[in-house]
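The values are calculated or read from the model by the stated rules, or taken from the named source; none is laboratory data. Note that the coordinates shown come from a computational prediction; the quantities given were computed from them, not determined experimentally. Methodologically, a virtual Cβ is constructed for each residue, glycine included, from the backbone with ideal geometry; neighbour enumeration extends over all protein chains shown. Just so you know, the surface numbers come from the protein's heavy atoms only, side chains and all, with ligands and any DNA or RNA stripped out. Shrake-Rupley method; radii C 1.70, N 1.55, O 1.52, S 1.80 Å.
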Amino acid sequence: MTRVPIWHSVEEVPADLGATAVSIGNYDGVHRGHRFVLDQLRRHAEARSLAPVALTFWPHPRHVMGDPTQTPLLTGHEDRDRLLLLAGMHGVLDLEFTLPFAQHSPEDFVRRFLVEGLGAKCIVLGEDALFGRANAGDIDTMRALGEQYGFEVVTVEDLGPQGAGSGRISSSAARRDLLEGEVRAANLALGRLHTVTDVVHHGFQRGRELGFPTANLGPTPAGLIPADGVYAGYLTVTEQDPSHLGVEPLAGAPATISIGTNPTFEADGAPRRTVEAYVHGAHDLDLYGDTVRLEFVDFQRPTLKFDSAEALVQQMAKDVEVTRHTLSTDRSPLASDG
């Protein structure tokens, strides 16, 4: 059996992992700034013959210590850890963040999780890193603890839009861009296409009736839902329902993605915000029960209310053509995150 290198307690860390180089963070989005730190971590780990490991937390500390609605997360739990592994980590120590956990003193946190749990010999952090109860530990604290417990501390600069040290790339800015529909700006900060993941649910079947059957996500998919509107993107099946085994799963299929409350049909009941994707040319596709990942390339238009179903169908056909043009002419270096 393949051993998955994601651990949720120090007891799960393999005894044969050996000494490690560690970076600590929430890593929401695993954006270019995060990956710059992780790249430095890998470089320092290789130079010292250490295993690079990311230490992270779930739920996000702001969701435990404050109001979760004020910090919508860019990535879901599993996607965040998957992206950390794709960044070259040999393992991810993903600790549950609770109010009791938040009471660890800086020294207790370092001793228990870094020194005893991971055998850390090198810690890679930003200059503004804070840790421990009430964020009482800073980079100077970490250096002092390094001298006490025998590990090295390496600091890295922030990665800006043009490279290191030229302004910070942040999860907060990427969230703001997505909530304003600025998908391209968010993708640039992420260094990849923004994704939303969920199981395909049964919807109102309106798309199928109109000739554009859609894969409908549930009300709480993993990943931040961008602003209402129509987007160009891709759909990939990441996990098939058992009833679909034997059917070749879609991978990077061109899709027109719609987010909103379907105002043309608002008389059918209470408005419900939905995320749905039409896979181009897939009129008989059955994705119910499959887990799919939607990747967002660009915003096309805002959500509109149409006078008739016929007018909506005409606009949907135009939307598909715009998506085709966008995807065929896109020159972005960004690619799927795997």
Against the condition at pLDDT below 95 and on the phi > 0 side of the Ramachandran plot, how does Gly167 come out, does it pass? yes
- Query: Do we find that Glu321 is more than 30 Å from Arg32 (Cβ to Cβ), modelled with pLDDT of 90 or more, assigned to a loop (DSSP other than H, G, I, E, B) and open to solvent by 60 Å² or more (accessible area, probe 1.4 Å) in this structure?
  - Reply: no
Review point. Scanning for something touching a residue at least 40 places away in the same chain (Cβ under 8 Å) and open to solvent by 10 Å² or more (accessible area, probe 1.4 Å), does the stretch 132-139 turn up at least one residue?
Key: no
Pairs returned, first residue in the stretch 206-224 that is modelled with pLDDT of 90 or more, second residue that is part of a loop (DSSP other than H, G, I, E, B) and small (Gly, Ala, Ser), beta-carbon separation under 6 angstrom, 6 or more apart or interchain, are Asn216/Gly203; Ala222/Gly76; Gly223/Gly76
Checking His34, His104, His63 in turn, the sole residue that is of a type outside the set (Asp, Glu), closer than 16 Å to Ala129 by Cβ, in contact with a Leu (Cβ under 9 Å, 6 or more places away or on another chain) and free of Cβ contacts under 8 Å to residues at least 60 places away in the same chain turns out to be His34
Pairs returned, first residue in the stretch 290-311 that is under 16 Å from Gly260 (Cβ atoms) and modelled with pLDDT of 90 or more, second residue that is in a strand (DSSP E or B) and among the polar types (S, T, N, Q), beta-carbon separation under 9 angstrom, 6 or more apart or interchain, are Leu294/Thr195; Leu294/Thr197; Leu294/Thr236; Phe296/Thr195; Gln300/Thr256; Thr303/Ser258
Picked from the stretch 57-87 (must be charged (D, E, K, R) and in a helix (DSSP H, G or I)), the residue surrounded by the most Cβ atoms within 10 Å (Cβ to Cβ) is Arg80
If we ask which residues in the stretch 20-56 are open to solvent by 40 Å² or more (accessible area, probe 1.4 Å) and either assigned to a helix (DSSP H, G or I) or over 29 Å from Ala186 (Cβ atoms) (or both), their number turns out to be 10
Of those in the stretch 251-274 that are hydrophobic (A, V, I, L, M, F, W, C) and at pLDDT 95 or above, the residue most open to solvent (accessible area, probe 1.4 Å) is Ala251
Any hit, the stretch 328-337, residues being buried (at least 16 other Cβ atoms within 10 Å of the Cβ), at pLDDT 90 or above, of a type in the set (Asp, Glu) and under 23 Å from the mean Cα position of the chain (by Cα):
no
Subset of the stretch 226-249, residues surrounded by fewer than 21 Cβ atoms within 10 Å (Cβ to Cβ) and in a loop (DSSP other than H, G, I, E, B), comes to Ala227, Asp228, Gln240, Asp241, Leu245, Gly246, Val247, Glu248, Pro249
When every residue in the stretch 97-130 that is of a type in the set (Lys, Arg) and either more than 18 Å from Pro52 (Cα to Cα) or not in a strand (DSSP E or B) (or both) is compared, the one nearest to the chain's Cα centre (by Cα) is Arg112
Of (1) open to solvent by less than 30 Å² (accessible area, probe 1.4 Å); (2) part of a loop (DSSP other than H, G, I, E, B); (3) of a type in the set (D, E, K, R), Asp94 fails just (2)
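Quick grid of which residues meet (1) closer than 25 Å to Leu224 by Cβ; (2) at pLDDT 95 or above; (3) surrounded by fewer than 15 Cβ atoms within 10 Å (Cβ to Cβ):
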residue: Leu145; (1), (2), (3): no, yes, no
residue: Asp177; (1), (2), (3): yes, yes, no
residue: Thr197; (1), (2), (3): yes, yes, no
residue: Phe204; (1), (2), (3): yes, no, no
Counted residues in the stretch 17-45 being of a type outside the set (Gly, Ala, Ser) and under 18 Å from Val153 (Cβ atoms) come to 12
